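The next block holds one structure in the form of structure tokens; read it before the comments.
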Amino acid sequence: MMNTKDLRQQEIIAILKETGSASVGELASRIGVTDITIRRDLEALEAGGAVKRYHGGAHLVTGSSYEPPIAVREQMHATDKQVIAARIDETVDDGTTVLLDGGTTGIAVARALVERHITVCPMSLRVAWELATSSSVRLILPPGLVRAGELSITGAQMVEYFSSHHFDHYIMTASGFSIAHGFSEWNSEDAAVKRAAHASSQRTTAAVDASKFGTTCFVSVCPIDAPETIVTTTLPHDDLSALADAAQRVVVAQP
């Protein structure tokens with residue numbers, strides 16, 4: 001559960017995502033705290049790589065190749081990820097082999113699946129750790145290189161491993177998705193592993209919250225209609241309609 005500081009910093013990021021930049025006074029007024037508190041929050045967010053401060057304010061760090069640190073992403077849209085994870089749990093059949101992606105959404109899904117009777121091949125050490133103490137989940141750890149910070153498992157060994165195995169269900173996460181550019185990632189090695197995971201699985205379910213819609217990251221993973229199902233959160237009506245027309249199936253997860 002997030003503390004007050006985490007919630008406040010999540011709100012700062014949400015405001016900067018909306019406005020691009022904001023002064024300390026504007027942030028303090030919108031959130032209802034003092035300027036001193038906002039300055040401390042901005043210092044912490046800048047240290048984590050999420051924002052860049054300037055005299056009197058800050059702007060969000062953006063760019064198609066910039067990946068916010070996982071500690072920062074864990075504070076963003078946490079409730080949406082939990083709602084998506086609960087809906088993903090309903091799509092997973094007992095007794096199946098599941099490839100489970102990494103990232104903060106993958107962690108949320110792992111927590112939802114911890115009591116299920118399934119076999120899981122985690123694509124991240126963080127996800128593996130969430131399932132390590134489960135008495136019902138059978139874990140298969142794949143070979144590969146561990147990417148520092150993110151702790152995702154990547155590399156040619158992973159791609160080769162997936163090419164010689166067949167899984168029932170791949171639960172894919174992504175840093176961005178759009179109708180024109182499909183699903184995309186910040187890191188090219190992660191994207192290559194995701195493509196191999198999709199190819200090795202009988203079906204793919206994408207777990208992506210609505211804040212990622214319209215975002216195109218550095219590396220393409222697959223077209224928008226590649227997954228059998230996209231599980232997301234509430235989108236504006238026109239966006240949802242367009243997504244539903246382009247994708248195979250869209251499920252909107254709600255509390």
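The values are calculated or read from the model by the stated rules, or taken from the named source; none is laboratory data. Fair warning: this is a prediction, and the values are worked out from it, not measured in the lab. Reconstructed Cβ throughout: ideal geometry from the backbone, glycine too, with neighbour counts over all protein chains shown. Side chains are part of the model used for accessible areas, which takes the heavy atoms of the whole protein and leaves out ligands, DNA and RNA. Shrake-Rupley method; radii C 1.70, N 1.55, O 1.52, S 1.80 Å.
Filtering the range 164-179 down to residues that are touching a residue at least 12 places away in the same chain (Cβ under 8 Å) and either more than 18 Å from T233 (Cα to Cα) or acidic (D, E) (or both), which residue is most open to solvent (accessible area, probe 1.4 Å)?
Applying the first criterion (touching a residue at least 12 places away in the same chain (Cβ under 8 Å)) to the range 164-179 yields 165-179.
Narrowing the set further to residues that are either more than 18 Å from T233 (Cα to Cα) or acidic (D, E) (or both) leaves 165-170.
On the way: H165: 69, H166: 159, F167: 15, D168: 54, H169: 3, Y170: 0 Å².
Checking each candidate, the answer is H166.
Just checking, how many residues over the range 83-99 are part of a strand (DSSP E or B) and of a type outside the set (S, T, N, Q)?
Filtering the range 83-99 down to residues part of a strand (DSSP E or B) leaves 97-99.
Pick out the ones that are also of a type outside the set (S, T, N, Q) and you get 98-99.
Number satisfying all stated conditions: 2.
Which ones in the range 141-163 are within 16 Å of R195 (Cα to Cα), open to solvent by 50 Å² or more (accessible area, probe 1.4 Å) and aliphatic (A, V, I, L, M)?
So in the range 141-163, the residues within 16 Å of R195 (Cα to Cα) come out as 142, 144, 152-163.
Right, trim to open to solvent by 50 Å² or more (accessible area, probe 1.4 Å) and you get 156-157, 159-160, 163.
A156, V159 - these are the residues of the range 141-163 that are within 16 Å of R195 (Cα to Cα), open to solvent by 50 Å² or more (accessible area, probe 1.4 Å) and aliphatic (A, V, I, L, M).
What strands (runs of 3 or more DSSP E) completely inside the range 119-180 contain at least 1 residues that are in contact with a Cys (Cβ under 8 Å, 6 or more places away or on another chain) and over 12 Å from G106 (Cα atoms)?
Details: elements: 119-122, 167-172, 176-178.
Answer list for the range 119-180: 167-172, 176-178.
For S135, state whether it is under 24 Å from R195 (Cα atoms) and either buried (at least 19 other Cβ atoms within 10 Å of the Cβ) or not charged (D, E, K, R) (or both).
Values: under 24 Å from R195 (Cα atoms): no; either buried (at least 19 other Cβ atoms within 10 Å of the Cβ) or not charged (D, E, K, R) (or both): yes.
In short, no.
Restricting the search to the range 89-129, which residues are surrounded by fewer than 23 Cβ atoms within 10 Å (Cβ to Cβ) and of a type in the set (D, E)?
Matches in the range 89-129: D89, E90, D93, D94, E115.
Of (1) without any contact (Cβ under 8 Å) to a residue 24 or more places away in the chain; (2) among the aliphatic types (A, V, I, L, M); (3) in contact with a helix residue (DSSP H, G or I) (Cβ under 8 Å, 6 or more places away or on another chain), M123 satisfies all except one. Which?
(1)
How many of the residues making up the range 8-37 are among the aliphatic types (A, V, I, L, M), free of Cβ contacts under 8 Å to residues at least 12 places away in the same chain and open to solvent by 30 Å² or more (accessible area, probe 1.4 Å)? Break it down into steps so the answer makes sense when it comes.
First pass over the range 8-37, keeping only residues among the aliphatic types (A, V, I, L, M): 12-16, 22, 24, 27-28, 31, 33, 36.
If we keep only those that are free of Cβ contacts under 8 Å to residues at least 12 places away in the same chain as well, we get 28, 36.
When the remaining residues are screened for being open to solvent by 30 Å² or more (accessible area, probe 1.4 Å), the result is 36.
Result for the range 8-37: 1.
Kindly indicate the residue of the range 180-199 that is surrounded by 21 or more Cβ atoms within 10 Å (Cβ to Cβ) and touching a residue at least 60 places away in the same chain (Cβ under 8 Å) and also nearest to G103 (Cα to Cα) among those meeting that condition.
Residue satisfying both the conditions and the ranking: D190.
Taking the range 38-77 as the search range and keeping residues that are part of a helix (DSSP H, G or I) and surrounded by fewer than 18 Cβ atoms within 10 Å (Cβ to Cβ), which one is modelled with the lowest pLDDT?
First, pick out the residues of the range 38-77 that are part of a helix (DSSP H, G or I): 38-47, 70-73.
Those left that are additionally surrounded by fewer than 18 Cβ atoms within 10 Å (Cβ to Cβ): 39-40, 43-44, 46-47, 71.
Values: R39: 94, R40: 92, E43: 90, A44: 83, E46: 80, A47: 75, A71: 58.
Filtering the range 38-77 for residues that are part of a helix (DSSP H, G or I) and surrounded by fewer than 18 Cβ atoms within 10 Å (Cβ to Cβ), the one modelled with the lowest pLDDT comes out as A71.
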